[in-house]
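Following: one structure in structure tokens, then a few remarks.
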Amino acid sequence: MADPITILGIVGTLVSAVGAIQQGQAAAASARANAQIAERNATVARASAAQDAEAKDRENRIRLGAIAAGYGASGVSLAGTPLDVLADSARQAELDRQTIVYKGELRALGFSDSAAMDRAQAKNAKRAGYFKAGSALLSGASSLYGNFGGGGAGTPIRTDAAGRILGGV
């Protein structure tokens with residue numbers, strides 16, 4: 001039967017490895033949740049922009065109608081300069097509406113990019129957990145191997161200030 005110190009070393013190594021895997025999985029789950037939130041935010045940004053654009057379109061139609069009605073009430077015909085002013089106002093109104101949609105799409109793209117980064121972070125966190133667990137297992141195995149006299153792991157290499165190996169190795 002192995003001595004208690006060796007058993008504790010093995011148990012500690014296994015606990016460290018399991019902890020590393022669980023830490024990686026927890027970080028991955030958190031990043032995946034963040035990705036879902038970012039995707040929902042992208043959807044909300046698009047819907048909000050569409051709603052704002054529709055409201056702007058209604059506002060513009062009312063404003064253009066008021067301009068045309070004002071011309072008619074004052075006896076101005078819708079030809080020449082008054083028509084040019086009305087057409088310019090309509091173009092500007094459409095540009096305002098398109099700007100709202102564009103800004104909403106930019107916000108949505110930012111959220112989508114964030115979601116993609118979160119998904120990549122989730123994969124990396126999970127992978128890092130496995131690498132950390134493997135490292136813990138190898139480190140523990142190396143330590144145990146050294147404790148049993150294998151490979152001279154317990155004998156440090158001594159060097160001088162210049163990095164040259166000294167005797168006694």
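The values are calculated or read from the model by the stated rules, or taken from the named source; none is laboratory data. The shown structure was predicted, so the numbers you read here are calculated from the model rather than taken from an experiment. Note that each Cβ is placed from the backbone with ideal geometry, even for glycine, and that neighbours are counted across all protein chains shown. Heavy atoms of the whole protein, side chains included, go into the accessibility calculation; ligands, DNA and RNA do not. Shrake-Rupley method; radii C 1.70, N 1.55, O 1.52, S 1.80 Å.
Summary of computed values
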| quantity | calculated |
| --- | --- |
| Some residue of the range 80-87 being small (Gly, Ala, Ser) and either on the phi > 0 side of the Ramachandran plot or in a helix (DSSP H, G or I) (or both) | yes |
| The listed residue being open to solvent by less than 40 Å² (accessible area, probe 1.4 Å), closer than 30 Å to Leu14 by Cβ and part of a helix (DSSP H, G or I), out of Ala45, Ala125 | Ala125 |
| Failed criterion for Ala90 (all others in (1) in a helix (DSSP H, G or I); (2) open to solvent by 60 Å² or more (accessible area, probe 1.4 Å) hold) | (2) |
| Residue that is out of contact with any helix residue (DSSP H, G or I) (no Cβ under 7 Å at 6 or more places or on another chain), in a helix (DSSP H, G or I) and either within 12 Å of Arg119 (Cβ to Cβ) or of a type in the set (Asp, Glu) (or both), where the choices are Gln36, Gln22 | Gln36 |
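Table: residues versus (1) open to solvent by 70 Å² or more (accessible area, probe 1.4 Å); (2) farther than 30 Å from Phe131 by Cα; (3) modelled with pLDDT under 95; (4) not hydrophobic (A, V, I, L, M, F, W, C).
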position	(1), (2), (3), (4)
Gly9	no, no, yes, yes
Gly12	no, no, yes, yes
Ala31	no, no, yes, no
Arg61	yes, yes, yes, yes
Asp84	yes, yes, yes, yes
